[in-house]
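Below you'll find the structure, written out as structure tokens, and then a few comments.
Rule-based calculations on the coordinates, nothing more; no lab input. This one's a predicted model, so the numbers in the text were calculated from it and none came from an experiment. We place every Cβ from the backbone using ideal geometry, glycine too, and count neighbours over all the protein chains shown.
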Amino acid sequence: MKALLLTTCLLLTIFIGCTGNNMNHHFSDTVVILLGPPGSGKGTQAKKISKELQIPHISTGDLFRENLANGTALGNKVKTYMESGNLVPDQIVIDMLVNRVAADDCKNGYLLDGFPRSIAQAEALDKVLENKKIIAINLNVSDDLLIKRIVGRTSCKNCGAIFNDHFNPPKKENICDVCDGELIRRSDDNIDVVRERLKVYHSQTAPLEKFYADKGVLRNINGDRDPEVIFHDIIKSL
Ligand SMILES: [Zn+2]
């Protein structure tokens, strides 16, 4: 009896150990690419995915900031391009990315946010990734909803609290609920600017959708819903 119990315990331990390893193994070497227009809630989802899968969230913005702040050779190159008002070439972004993902915390995979933005970048990324498994999550949100989200957004001049005319209006017009401060609208959040930004996004992203769909790794997620529901769908699609 004792021996049987011991064996059962041992088997259970092995079983649990294996499932644990399988979980890790499932996501090891997986690179999650997050595609989504401005205002799609990409940032929110990126944080949640990164936490759930325990993989680092790498955004191009962060790569730039880190390299500039640390004064790396690549950061200095970036600075030269920025100061002369030129676009930073794809290769420099790729090089920064290669350095970043060589770090120990990326060994089980990582999440890319804001990259790639073009086919040229996606092809360059493919060379870097080689044998890694890729999953491209595409957050689909209708332009009408994006425009409402972005153009309707106001923030408090005083405390930074964020409101939205359509989804989260302040109790008193133009007055912050939290501190009675004045609410302001970002000047580049007007409807024409947002429409133009979305047009550029769609023209850049449509080929990327095809690129990843052809590889069979594109997951289209309806982003017009509650963030928790979207997150659940994303995790299910992995
Ligand atoms: Zn306020």
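Can you give the Kirkwood hydrodynamic radius of the stretch 100-218 from its Cα pairs, in Å with one decimal? One over the average 1/r among Cα pairs gives 17.4 Å for the stretch 100-218.
Give, as a single signed number, the net charge of other residues whose beta carbon lies under 12 Å from the beta carbon of Lys171, with Lys and Arg counted +1 and Asp and Glu -1. With Lys, Arg at +1 and Asp, Glu at -1, the neighbours total -2.
Potential lengthening of the chain between Ala161 and Arg225 amounts to 20.8 nm, from the contour at 0.36 nm per residue minus the alpha-carbon distance. Taking the Cα atoms of the chain, the ratio Rg/Rh between the radius of gyration and the Kirkwood radius comes to 1.07. Applying both filters, DSSP loop and at most 14 other Cβ atoms within 10 Å, to the chymotrypsin sites (Phe, Trp or Tyr not before Pro) of the stretch 93-170 gives Phe167. Averaging the Cα positions of each part gives two centres, and for the stretch 136-163 and the stretch 101-120 these lie 25 Å apart.
Extension gain Val98-Ala213, at 0.36 nm per residue separation less the Cα-Cα distance, in nm?
On the way: separation 115, 0.36 × 115 = 41.40 nm, distance 2.43 nm.
Fully extending the segment from Val98 to Ala213 adds 39.0 nm.
If you take the beta carbon distance between Asn168 and Arg117 as r and set R0 to 25 Å, what does 1/(1 + (r/R0)^6) give as a FRET efficiency, to the nearest 0.05? After rounding, the FRET efficiency stands at 0.25. The His202 and Asp126 beta-carbon pair, evaluated with R₀ = 25 Å, returns a calculated FRET efficiency of approximately 0.65. Ignoring lysines fewer than eight residues from Lys107 along the same chain, the ones with Cα atoms less than 17 angstrom from its Cα are Lys51, Lys132, Lys133. Residues Cys106, Cys156, arranged from fewest to most other Cβ atoms within 10 angstrom of their Cβ, appear as Cys106, Cys156.
Going through the stretch 120-186, which GluC sites (Glu not before Pro) have at most 12 other Cβ atoms within 10 Å and a DSSP loop state? Here the sparse-neighbourhood loop sites are Glu130, Glu173. What angle, in degrees between 0 and 90 and rounded to the nearest 10, separates the Cα long axis of helix 73-83 from the longest principal axis of the Cα atoms of the chain? Tilt of helix 73-83: around 20 degrees. Karplus-based coupling profile of the stretch 192-201, in residue order and whole Hz: 5, 5, 5, 4, 5, 4, 5, 4, 4, 4, with θ = phi - 60° in 6.51 cos²θ - 1.76 cosθ + 1.60 and x standing for Gly or Pro.
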